[in-house]
Each structure stands twice: as C-alpha cells, then as structure tokens.
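Worksheet for the structure shown next.
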Amino acid sequence: MIFSAFERMVAMRYLRARRQEGFISVIAWFSLLGIGLGVATLIIVMAVMNGFRAELLGRVLGLNGHLNIYSAAPGPLTDFDALADRVRQVPGVTNVTPTVEGQALVTVRGMASGAVVRGVRPEDFRVRPTLSKHILRGTADAFGEDNVAIGIRMAQRLGLSVGDQITLIAPQGNATAFGTVPRMRGYNIGAIFDVGMFEYDNSFIFMPLEQAQLFFRTGDAVTSLEVFVADPVQIRAQRAALQPAVAGIGRVVDWQQSNASFFTALQVERNVMFLILSLIIMVAAFNIISSLIMLVKDKGRDIAILRTMGATRGMIMRIFFLSGASVGVMGTVGGLILGVVFCQNIESIRQFIQMLSGTELFSPEIYFLSQLPAKIDWGEVAQVTGMALGLSFAATVYPSWRAARLDPVEALRYE
C-alpha cells in the first residue's frame, strides 16, 4: 500500500485534535463542510440546468417539429401534399405535418386575449404524443370540424371548459364600403391540453387544418410543413438530406436555427454557473491549506521526535498529506451523496418548502415549466468529484512539503 499502518495511525491521530488544538480541528471541520456543500451545490445546479434544457427541448420539439419547410417564394406553400410525400421518403423522417399558423384575438364574455392559432389535420393531432397524451379535459377524438383544442392556462384565465364557445377575430378584415370590418368566427372547445410549458398552455389554440385555411384565407395551401426525424441531435445531417427533396420549392429551417439564441443562452449560463460554483470548492481547499499549515507549526516538536526516531522525510510528508486528503475525501463523498439524493427528490423537497413558507418557489409564468426538473449527468458528477478531489489533494502538497523539510535540530532547540 502507498501508506503504511504507522502513517495512517499518526495521520488519523492528528485529525482528532486535543483540547489545546481545538481551533485547528474546527478549521478542518469547516473545510470538510465547505467542500461537501460545494460539491452538492454544483451537482444540484448542473442537474437542474440539464433538466431545464432536456424538458424545454423535448416540449419545444414535441410541438414545433424538428425541421420546418417554408415556401421558397413569398406566401404560403402550395401543392404541399406532393412535397410532403417526397419528404416522407427521405431516410430518417418519421412524420410530416402540414400546418397553417397565424395570430388571432380570442374574445369570451367581454374578455379578449391574443393567441397563436395552429391548424393541423385531426389525424396528425392524435398521433402527436406531446398533445394527445396530455389532454386534461375532453378527448383527442373530439378535435375536428368546428372543435378546437386550447391550453389549460388559457382555459383557467378565461374561465372556459369543454363545450364552451370562443370567438376568434382574424387580423385581416373584410373590406366594405364603410371600411374594413373585422372577420369573426365562433368555435367550440373540444379538448383542453396541458403540455407543462406555460407559453404553449397559455397562448396556443389548435384548429383543424381546413378550418384554419378558411380562417386565415390561405386557400389550398399551408404556411409550413413540420418534419419530425428519428434523431434530432444529428439535425444538420438530416437537413442536408432533405435539401434535394425540396430544392427550388421550399427552404428548410431546423430547430437549432429557430431556437439558436435561446439554447445558446442556456449553455452560456450553465458554463458560467459551473465556474462560479467551483469557487466554493476552491475556497474550501484554501481552508485545508491554512489548517494544515497551522497543524504543521503546532506539531513541530512531534515531527522532530519522529525524525530522530528514524522517520524519513517521505513518511512525514505522507502523514500530513493523508491528514489533509482525508478531509477532502470525506467532504467530497458527503457532498456527492447529498447532491444525488437531493436531485432525485427535488420536486418533493420543493413542495415541502413551499408548504412551510407559503410562497411559490417555482412559478411557471417565469420558468415556463410547471415542475422543477433535474437530470443527473453521471459524467458531470464524475467531473465535479474529480475536481474536488484534485483540489483537495493539491491543497495538501505545500503544507506536507513544509513538514518534511522541517529541521529536527532547530525544532527541538526552540522547544
């Protein structure tokens, strides 16, 4: 073994300080606590940010498609069914959904609100799991004809339920001799969905494709084709494979281009948080240095006696290295366990704290999601653990070297 039984015994004895050395022991305990809290905090924050990214990515892509095909010329996309058939033949494509999208004003009992209206075919609505598996009221089969689907937040805000009627006002009005008259049309609510993302639950209305074409006056055309692929991570290769199928007819925009600023901001924030929280572990490592230097100074007479009894400089260095490293290892292991357990029960902990404080800690209006997500990346956990151990070991090198270089004659003379 690297450390002998004698070295381990002396190192552990030095960690259990006597009464006159109590201050040194207190510093060591604070160092252990600092490293543990630093490791736990870093693991928790990284897991929450990974969870945010995964949840947002899954929900955004589940509703918007991995790629969108728009008309190469100004205006809507005509002859879209033939183009959709060609796109479906491209390897890797799992589904193609013709879509008409526009904005409208929703009016209910004197209340008005803006909304994004998206028209899709009823069969496409029912096979999209992000929508069909998150119907709270009504059924996916009710979607069709004059029946639309709205989000739960919009339903709560406007006091709507299944069977109620809403009136949509189109942005383009009818030109008459007396000026432009708004175009209005009433629709029944057939389903209310809850995808767990505030923006969609609060402002999206899904409408049958034919009704959307009539409402927005696109004729026999759509605004885009939503394309879903088997592997959205390799989206650039999939976009390149789609180009020959839409050449001269449409232009392809993938999800990375559509949400570039959003996901880039998440990545930058994640990297900055990792850097800032790593400073907690670094401060705790400096505490190990200070406590070990004080321990070496206090144990000068013991070191001199050990040297005169035959202990080598290497043995002295290993004794103090083991004393400091033990604090770092115990703190890192404790922080690792605390961080992983916290991440696995983070939603229950959040609800418990909310119940005690009586305040909402995670508002979906601000954070877009209705639950606090946490996704543990074991590679990142290993990286955080390795960094904490590395800093702890590095912090012990200089004090241990100072102890090994101590001259026993000088130490005993001044004692």
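Data overview
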read-out	value
Number of the exception - V283 against (1) β-branched (V, I, T); (2) closer than 18 Å to T41 by Cα; (3) open to solvent by less than 30 Å² (accessible area, probe 1.4 Å)	(3)
Count - residues of region 126-165 that are open to solvent by less than 20 Å² (accessible area, probe 1.4 Å) and in contact with a Pro (Cβ under 8 Å, 6 or more places away or on another chain)	3
Filter pass, I44 being of a type in the set (V, I, T) and in contact with a Phe, Trp or Tyr (Cβ under 6 Å, 6 or more places away or on another chain)	yes
Residues of region 80-125 classified as farther than 17 Å from F216 by Cβ, in contact (Cβ under 8 Å) with a residue 60 or more places away in the chain, outside any helix (DSSP H, G or I) and open to solvent by 70 Å² or more (accessible area, probe 1.4 Å), total	3
Any hit, region 203-216, residues being over 28 Å from the mean Cα position of the chain (by Cα), part of a loop (DSSP other than H, G, I, E, B) and not small (G, A, S)	no
Residues that are assigned to a loop (DSSP other than H, G, I, E, B) and either closer than 19 Å to N202 by Cβ or of a type outside the set (G, A, S) (or both), drawn from region 139-164	T139, F143, E145, D146, G159, L160, S161, V162, D164
Residue match in region 217-224 (condition: among the acidic types (D, E) and touching a Ser or Thr at 6+ places or on another chain (Cβ under 8 Å))	yes
Qualifying residue in region 264-277 (condition: over 28 Å from L37 (Cβ atoms), open to solvent by 40 Å² or more (accessible area, probe 1.4 Å), hydroxyl-bearing (S, T, Y) and out of contact with any Lys or Arg (no Cβ under 7 Å at 6 or more places or on another chain))	yes
Residue list for region 50-73, filter: more than 18 Å from the chain's Cα centre (by Cα) and either open to solvent by 10 Å² or more (accessible area, probe 1.4 Å) or aromatic (F, W, Y) (or both)	N64, H66, N68, Y70, S71, A72, A73
Yes/no for G310 being modelled with pLDDT under 85, within 44 Å of the chain's Cα centre (by Cα) and of a type outside the set (A, V, I, L, M)	no
Matching residues in region 225-263 - criterion: being among the small types (G, A, S) and either out of contact with any helix residue (DSSP H, G or I) (no Cβ under 9 Å at 6 or more places or on another chain) or open to solvent by 80 Å² or more (accessible area, probe 1.4 Å) (or both)	A237, A240, A241, A247, G248, A260, S261
Residues located in region 367-385, provided they are modelled with pLDDT of 80 or more and either open to solvent by 40 Å² or more (accessible area, probe 1.4 Å) or not in a helix (DSSP H, G or I) (or both)	A374, K375, I376, D377, W378, G379, A382, Q383
Residues satisfying the stated conditions in region 280-301, i.e. within 20 Å of V397 (Cβ to Cβ) and aliphatic (A, V, I, L, M)	I281, M282, V283, A284, A285, I288, I289, L292, I293, M294, L295, V296
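The values are calculated or read from the model by the stated rules, or taken from the named source; none is laboratory data. The model shown is predicted, which means the values in this text are computed figures rather than measured ones. Glycine also receives a Cβ, built like all others from the backbone with ideal geometry; neighbour counts cover every protein chain displayed. Areas reflect the complete protein model, heavy atoms only, side chains present, ligands, DNA and RNA absent. Shrake-Rupley method; radii C 1.70, N 1.55, O 1.52, S 1.80 Å.
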